[in-house]
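Chemist: Below is one structure. I have some questions about it.
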Amino acid sequence: MLNDGPAARPPAGPGRPRTPDGPHTRRPRPPLQPFQRHPAQVLALSFAVALAIGTALLMLPVSVVAEPPTDLMPAPTTAVGGATFVTAVFTASSAVAVTGLVVVDTATYWTPFGQAVILALIQVGGLGIMTFASLLAILMARRLGLRGRLQTSASVRTVGMEDLRGVVLGVARVAGTVQAVVAAILFVRLLTTHDLGPGAAAWNAVFLAGSSFNNAGFALASDNLMGFATDPLVLLPITLAVITGGIGFPVIFELRRHLGDRLRWSMNTNLVLAGTAGLLAVSTVTIAALEWTNPGTLGPLDWPAKLLNAFTAAAWTRTAGFNAVDVSAMHTQTWFAQDIFMFIGGGPAGTAGGIKITTFLVLFFIILTELRGETAVNAFGKRLARSVHREAVTVALLAVAVVMTGTWVLLITTHFTLDQILFEVVSAFGTVGLSTGITPAVPDAGKIMLAAIMFIGRLGPITLGTALATRSRKLLYELPKERPVIG
């Protein structure tokens, strides 16, 4: 007698799970949830959400002074006293992308509430959305899930996830310690030397400490830091905070563990430290040589102040965007040199922008290897993986495409010169914030485009490209090789 019911089915054994349709039937795979496919998608969305919240808060009347001055940086306001959408979204983009480009005067246009919103966006953008989210998860739940670990790894670019909780807390400790020390130094100096009351000195010190460590370039003075051009006790702490945040958290963590043992430094640390020192030296000499006698910049200063401002400008040009001399008065040759330094940027997984020092040096070693006729690309006693070659070329070419597209569009839609527009676009992409002074006069469409470029520059071209990719697939075959003529 045949039995077609469930009892006739063989019992499920090891490796043969019982299912409603029999032991050999595969269970249907559950559909992917939104943004589950790649952590970069979550990272991009998190920055977009922060941008939307910041824009909404800056559009509130409480964020803008009752009658914002329009003689320094003209910008329209709504009838109820709040900022327009373009002004708010540009400022929020500049803050969350830790850039520092402005279309209104931060010191006089925004109320203390609006300035606090900007500072909060700087902290969120500088340390990373997922780092903040994971830190909150640790404090609330004392644990991280696998998905949270993956998402935070995409944000801080850590290698391995065995101690991600320690990495997140380490990021918070480093950021808090550096900002606290810099704020304390600035508070004492502003209170005792620059005739600020305790409240104003404290708020300026906290704001500048957060802005400098996160490489944002925002300041609470209409002339940025030009009022402190001869004060090393203000400029140098800010510069050291900029450099610390700009070298990247992986380098900071490795130096904490192996500061006295250079043989244990990774290639990433060697590239970042060597590149940072070299670029600082080259950019300091370049700016000093080109601007030494310029009456609008270094010319009126004595030689110690000239060297001080050349060094600080060199450090700020690559990522931070502060200025203690008038950038708009610099020579065109200096602007072009700064374009190069801004495009390179700082270290990866930090608060700096640009294509990153590591990308630039990898390309340099690739070129050097080809010129020598060698087959393997070596740096600091180790061989670079071929996948790194492709990634560096991809990042550099995508960055060039973004800068060229932005420059071309602004050339069509504005009356400014090529050197001015190129400087502004590279500053936006490199999340630097230096300006020749044309940003407030750019049309609204141009401001939105610059805001988008800042957003792309903060996430990184390859991260954003990965986030936009709906699916990734691995080919199971290879096509025949062929060599085209190069050059």
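The values are calculated or read from the model by the stated rules, or taken from the named source; none is laboratory data. No experiment lies behind these values; they were computed from the predicted model shown. Neighbour counts are summed over all protein chains in view; Cβ atoms, including those assigned to glycine, are modelled from backbone coordinates with ideal geometry. Accessible surface areas use protein heavy atoms only, side chains included; no ligands, DNA or RNA. Shrake-Rupley method; radii C 1.70, N 1.55, O 1.52, S 1.80 Å.
Chemist: May I ask you to evaluate 6.51 cos²θ - 1.76 cosθ + 1.60, the Karplus curve with θ = phi - 60°, for each residue of the range 185-200 and list the ³J(HN,Hα) values in order in whole Hz, giving x for glycine and proline?
Modeler: The phi angles translate into 5, 5, 4, 4, 5, 5, 6, 8, 10, 10, 6, 9, x, x, x, 5 Hz.
Chemist: Let me ask something else about it. Using r as the Cβ-Cβ distance of Asp326 and Leu397, and R0 as 35 Å, what FRET efficiency do you calculate, to the nearest 0.05?
Modeler: Step by step, r from the Cβ atoms, then E = 0.55.
Chemist: Still on this structure: How large a share of the accessible area of the range 294-340, in percent, is made up of carbon and sulfur atoms when the probe is 1.4 Å and the other protein chains stay in place? Could the numbers behind the result be given before it?
Modeler: On the way: 1090 of 1650 Å².
Answer for the range 294-340: carbon and sulfur cover 66 percent of the accessible area.
Chemist: Turning to a different aspect of this structure: Counting heavy atoms of the protein chains only and a 1.4 Å probe, report the per residue accessible area for the range 312-408 as a whole number of Å².
Modeler: Value for the range 312-408: 44 Å² per residue.
Chemist: Would you calculate the separation in nanometres between label points at Asp444 and Asn378, each defined as 7 Å from the Cα along the Cα-to-beta-carbon direction?
Modeler: Inter-label distance under the simple model: 6.0 nm.
Chemist: Oh, and also: What spacing in nm lies between the two simple spin-label points modelled at Ala184 and Glu478, each 7 Å away from Cα in the Cβ direction?
Modeler: Here the modelled spin labels are 5.8 nm apart.
Chemist: Still on this model: Given contacts defined as C-alpha pairs under 8 Å and at least six residues apart, what's the relative contact order of the range 294-362, whole-number percent?
Modeler: Computed over the range 294-362, the figure is 27 percent.
Chemist: So, one more: Output wanted: per-residue J couplings in Hz (rounded whole) for the range 272-281, from phi through Karplus 6.51 cos²θ - 1.76 cosθ + 1.60, θ = phi - 60°, x for Gly and Pro.
Modeler: So the Karplus estimates, Gly and Pro as x, are 5, 5, 5, x, 5, 4, x, 5, 4, 5 Hz.
Chemist: Per residue of the range 99-113, in order, report the coupling 6.51 cos²θ - 1.76 cosθ + 1.60 (Karplus, θ = phi - 60°) as ³J(HN,Hα) in whole Hz, putting x for Gly and Pro.
Modeler: Listing the rounded values in order: 9, x, 5, 9, 10, 9, 6, 4, 6, 10, 7, 9, 6, x, 5 Hz.
Chemist: Test of understanding: what is the full-extension gain from His389 to Thr413, defined as 0.36 nm times their sequence separation minus their Cα-Cα distance?
Modeler: Length difference between fully extended and current span is 5.0 nm.
Chemist: Further, regarding this structure: Quick one: what do you get for the range 230-356 if you divide its Cα Rg by 2.2 N^0.38 Å?
Modeler: For the range 230-356, the normalised Cα radius of gyration comes out at 1.10.
Chemist: Here is a further query. Excluding Ser94 itself, calculate the net charge of residues whose Cβ lies under 13 Å from the Cβ of Ser94, where each Lys or Arg counts +1 and each Asp or Glu counts -1.
Modeler: +1
Chemist: Okay, next question. Please find the FRET efficiency linking Thr293 to Val65, where r is the Cβ-Cβ separation and R0 is fixed at 56 Å, and quote it to the nearest 0.05. Intermediate values should be presented prior to the final figure.
Modeler: Values: r = 40 Å, r/R0 = 0.71.
My answer for the efficiency is 0.90.
Chemist: Right, something else. Given a 1.4 angstrom probe, what's the average accessible area per residue across the range 160-299, in square angstrom?
Modeler: 42 Å²
Chemist: Continuing with the same structure: 5 Å is the cut-off here: which amide hydrogens, built 1.01 Å from N in the peptide plane, fall below it relative to Ala379, excluding neighbours closer than 5 in sequence?
Modeler: For Ala379, whose amide H was placed from the backbone, the distant partners under 5 Å are Leu384.
Chemist: Which residues' amide hydrogens lie under 5 Å from the amide hydrogen of Val64, considering only partners 5 or more residues apart or on another chain, with H built in the peptide plane?
Modeler: Excluding prolines and chain starts, which carry no amide H, the hits are Thr111.
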